[in-house]
Amino acid sequence: MTDQAEQASAARSATPEIPGKPTSASRTTLSHIMTHGDTNLLGTVHGGVIMKLVDDAAGAVAGRHSGGPAVTASMDEMAFLEPVRVGDLVHVKAQVNWTGRSSMEVGVRVLAERWNESTPATQVGSAYLVFAAVDADGKPRTVPPVLPETEKDKRRYQEAQIRRTHRLARRRAIMELRERRVAEGYED
């Protein structure tokens, strides 16, 4: 074992075990009626408006789960499935899917329904965000493990682990490519 690995292992074992929190403890829904101020040049709701609502809801969930401040580290797979229109009541549903030592993946579903109709809401988008819990100095802090409660929660947890593996592999491959290019004399 390397010195760095030994130090990390010692730090983890010196940290008292934080009790886990069930998925439902921090799950939340943010709802918002879309207005003309939210539109793009095509007359539908601007994707950036939806992305802000997604980040707001995910941030609330991450803060609730971790018991303090959490910052957005990345947003993965933001998918826009259907356009959102002025007058739609948008519901942004978020929950923690997976936790690491100081990071959390938050899954978000975006639904829309007409504000004045009783038709069921339709899923119009989804995203996965990674948040890092931080202390007052902006340093990473430990988060409680998430405890999946339902079969759906367990599936989301497993899928989140796959996404994490892919994120880390992608980052590693990019860093290796950059190092090779520098070694070959290329400057970026």
(request) Determine the calculated [θ] at 222 nm for the chain from helices alone, applying -39500 (n - 2.57) to every DSSP H run no shorter than 4 residues and normalising by the residue count; nearest 500 deg cm²/dmol. (result) -12000 deg cm²/dmol
(message) Full-extension gain between Glu159 and Val86, please, as 0.36 nm times their residue separation minus the C-alpha to C-alpha distance.
(response) 22.9 nm
(message) Whole angstrom only: what separates the Cα centroid of the stretch 127-188 from the Cα centroid of the stretch 11-71?
(response) 17 Å
(request) Could you tell me which chymotrypsin sites (Phe, Trp or Tyr not before Pro) in the stretch 104-148 are loop residues by DSSP with no more than 14 other beta carbons within 10 angstrom of their beta carbon? (result) Trp115
(request) Scan around Val134 for amide H atoms under 5 Å from its own, H built in the peptide plane at 1.01 Å from N, and keep only partners 5 or more places away or cross-chain. (result) Ala70, Val71, Arg141
(message) Give me the 1.4 Å probe accessible area per residue for the stretch 42-154, excluding ligands and nucleic acids, in Å².
(response) 47 Å²
(message) Apply the a/c threshold of 1.5 to the C-alpha gyration tensor of the stretch 41-175 and tell me whether it is rounded, prolate or oblate.
(response) prolate
(request) Provide the solvent-accessible area of Glu184, counting protein heavy atoms only and rolling a 1.4 Å probe, rounded to the nearest 10 Å². (result) 120 Å²
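The values are calculated or read from the model by the stated rules, or taken from the named source; none is laboratory data. Bear in mind the structure is a predicted one, so any value in this text is a computation, not a measurement. As a convention, Cβ positions derive from the backbone with ideal geometry for all residues, glycine included, and neighbour counts pool all protein chains shown. In case anyone asks, the SASA skips ligands and DNA or RNA and just uses the protein heavy atoms, side chains included. Shrake-Rupley method; radii C 1.70, N 1.55, O 1.52, S 1.80 Å.
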